[in-house]
Structures are given as structure tokens and as C-alpha cells.
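Participant: My questions will all concern the structure given below.
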Amino acid sequence: MRSACAGSTEGSRRAPFVEGENLTIAYRWAEGRFDQLPALAAELVRRPVAVIVAGATSAAFAAKAATTTIPITFIIPEDPVGLGFVTSLARPGGNMTGVNLLSSEVTAKRLELLRVLLPDACHVVVLVNPADATTTGSTLRDVEAAATALGLQTHTVRARTPAEIDAAFADFAQARPDALFVGADPFFTSRRVQLANLASRHAMPMSAATREITDAGGLVSYGPNIPDEWRQVGVYVGRILKGAKPADLPVVQATKLELVINAQTARTLDLTVPPALLATADEVIE
């Protein structure tokens, strides 16, 4: 959980707040132990803080359970209406608002891109983090539906620690899947170098939801620009500190989805990226 009297520092600078002068930011991290989130949220409520920023779905649930009065700004991959965080996107109606990254909504597109890059692929392994049951559940539902439509077989592997990621790739060496589909989870983005190194070692084409993993050496990513969306969180925190109510701040949905292709990785894997796909990419890493 990331929480504070204000949220994203860069975004909040657009408001008249300066960290260390009239703004204090207190960080709390569960370090992958999601069972610790309720205690961390309760601690922040006791301080008390002026705004809580929740950087994952489980953190948002913990914050919601801890307070109905302190404003909460979230950044999550799922639909906040379906999760019960807000009444509607336009009129949240309670003490929560924030950013929907739309990561779940682009699952089918990510699988379609893998099909274009690997037209002969049959077997795709899906890597998810079981510590975040909500995100994992929605990811697997979306993947199953999209894979069925594309004629792909999927196999799920769960990893919540660096050691479990290593073990997953050891299993891949036996199963020899055609590609790896990495679920949208902050933990995997934080382990991007490990994922990229292992994918390279096992010659595994890897699709990610965040460009950071592709920057590190993954094959392709399709999803929102995470730093841009965190800046929007900071803007909302600044507005709340100036008196705005979360109930009146519409949930922001990611407006730009980026297609990033690592051409260097494609060459290493001896893959030919179709020119039409290269032409539509927002960035091609050479």
C-alpha cells in the first residue's frame, strides 16, 4: 500500500504543495504480503492522514474497509464499479475515486498480438500473482475467454515471490510453452529484470501489460502508460487537499494504450515482426 497525506509527488506539485514544507508523504509497503494490508491501512487511519493512495486492488480493498471518511485515491486494473469501490465512474458517490488502468479490458488484445507475432503458437502459459486474488481471478477469466476465441491452450502458473518466479521458469523448461502471458500486477513489474533475464535464458516470447517489462527485455507489451496514470493520481490528491470531494471527482480511465515492441528481443528469438504491426506500434525498441 502506498499512502500519504498526499499521493504521487510529481502530480501534486501542480497544486501548491511542496513535500517537506507543507506536505508530508508516509509510505507503507506490504512487500508482497497482502495479509498485512489491513493493518497498514488501520495504522494510517489512526495517524490520521488526509488522503490514502492505494496502488493495487488489494490495497484499495484494505483502505475501503479501514475508513469511510478519509478520502482514498486508487490506481487499479479492474472496473471500480464492479468491485464496489464507486457507485459510477462519473459520480463515485463515496470517499473513493482514482484511475482505472483498463488492464483487464485489454487482455483479449494482448493475446491477439501474441497470435500475430507467433501465428503457429498453440500453448500459452499465464503467470499470475495469487496474493492478489481479485486481479488474478479477473485475469484468468478474461484470458480463458480470449484464448478460446483464438484457439489457444492456456496453462496457469502462480508466483508471489522471486523464488516462485524462478520455479515457474524451471517448469517451463519441461513444458516448453510457445509464449508467456504475464498478468497485470505491480509485483511482476517490480521483478521485470528477473522476468526478462529468465525469458531470455529460456528463449521465451513474453507479453506484458506494462512497457517497463518490455523495456527490460520482454517481447511485447500493450497497456496504459503507468507513470502518466500515477501523475493523474497526484493531480487528484492535490485537488482533494484543496477541498475537492472524491464523490465529485470522476474515475479517470486510461486514455492511451501503448503498444511497445522490443525488436532486439524479437531478433534474439528469431522472430519476424510483421511490418504492419511495427507501423502501428507506439514504440519499437531497437
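The values are calculated or read from the model by the stated rules, or taken from the named source; none is laboratory data. What you see is a predicted model, and the numbers here were worked out from it, not measured in a lab. Every residue, glycine as well, gets a Cβ built from its backbone with ideal geometry; the counts of neighbours run over all protein chains shown.
Participant: Which ones in the range 22-66 are more than 24 Å from the chain's Cα centre (by Cα) and within 23 Å of Gln232 (Cβ to Cβ)?
Facilitator: Hits for the range 22-66 are Asn22, Leu23, Thr24, Val49, Ala50.
Participant: Select, from Leu140, Leu127, the only residue that is in the same structural domain as Ala263 (by TED's automatic domain parsing), touching a strand residue (DSSP E or B) at 6+ places or on another chain (Cβ under 9 Å) and under 28 Å from Val284 (Cα atoms).
Facilitator: Working: Leu140 fails: under 28 Å from Val284 (Cα atoms).
Answer to the selection: Leu127.
Participant: Just for the range 202-219: of the residues that are closer than 20 Å to Pro119 by Cβ and part of a loop (DSSP other than H, G, I, E, B), which one is farthest from the chain's Cα centre (by Cα)?
Facilitator: Ranking the qualifying residues of the range 202-219, first place goes to Ala203.
Participant: Could you run through the range 63-100 and say how many residues are crowded, with 18+ Cβ neighbours inside 10 Å, small (Gly, Ala, Ser) and under 13 Å from Ala41 (Cα atoms)?
Facilitator: 2
Participant: Consider Leu89 carefully, then state whether it is within 19 Å of Glu229 (Cα to Cα) and either under 19 Å from the mean Cα position of the chain (by Cα) or in contact (Cβ under 8 Å) with a residue 24 or more places away in the chain (or both). Give the steps one after another, and end with the answer.
Facilitator: Values: within 19 Å of Glu229 (Cα to Cα): yes; either under 19 Å from the mean Cα position of the chain (by Cα) or in contact (Cβ under 8 Å) with a residue 24 or more places away in the chain (or both): yes.
So Leu89 passes the test.
Participant: Run down Phe85, Phe61 and say which single residue is closer than 21 Å to Gln36 by Cα, in the same structural domain as Glu43 (by TED's automatic domain parsing) and part of a loop (DSSP other than H, G, I, E, B). Lay out the reasoning, then the answer.
Facilitator: Numbers: Phe61 fails: part of a loop (DSSP other than H, G, I, E, B).
Criteria check complete, one pass: Phe85.
Participant: Here is a further query. What tally of residues in the range 19-57 results from selecting those that are in a helix (DSSP H, G or I) and within 22 Å of Glu78 (Cβ to Cβ)? Break it down into steps so the answer makes sense when it comes.
Facilitator: Residues of the range 19-57 in a helix (DSSP H, G or I): 34-46, 57.
When the remaining residues are screened for being within 22 Å of Glu78 (Cβ to Cβ), the result is 34-38, 40-41, 57.
Looking only at that region, the number is 8.
Participant: Can you name every residue in the range 115-135 that is modelled with pLDDT of 90 or more and under 19 Å from the mean Cα position of the chain (by Cα)? Break it down into steps so the answer makes sense when it comes.
Facilitator: Residues of the range 115-135 modelled with pLDDT of 90 or more: 115-130.
Once the filter is applied, which keeps residues that are modelled with pLDDT of 90 or more and under 19 Å from the mean Cα position of the chain (by Cα), the range 115-135 yields Val125, Val126, Leu127, Val128, Asn129, Pro130.
Participant: Can you find even one residue in the range 7-23 that is closer than 24 Å to Asp185 by Cβ, surrounded by 24 or more Cβ atoms within 10 Å (Cβ to Cβ) and modelled with pLDDT under 90? Please lay out each step first, then the result.
Facilitator: So in the range 7-23, the residues closer than 24 Å to Asp185 by Cβ come out as 7-11.
Okay, now just the ones that are also surrounded by 24 or more Cβ atoms within 10 Å (Cβ to Cβ), so 7-8.
Then keep just the ones that are modelled with pLDDT under 90; that gives 7-8.
Within the range 7-23, one or more residues are closer than 24 Å to Asp185 by Cβ, surrounded by 24 or more Cβ atoms within 10 Å (Cβ to Cβ) and modelled with pLDDT under 90.
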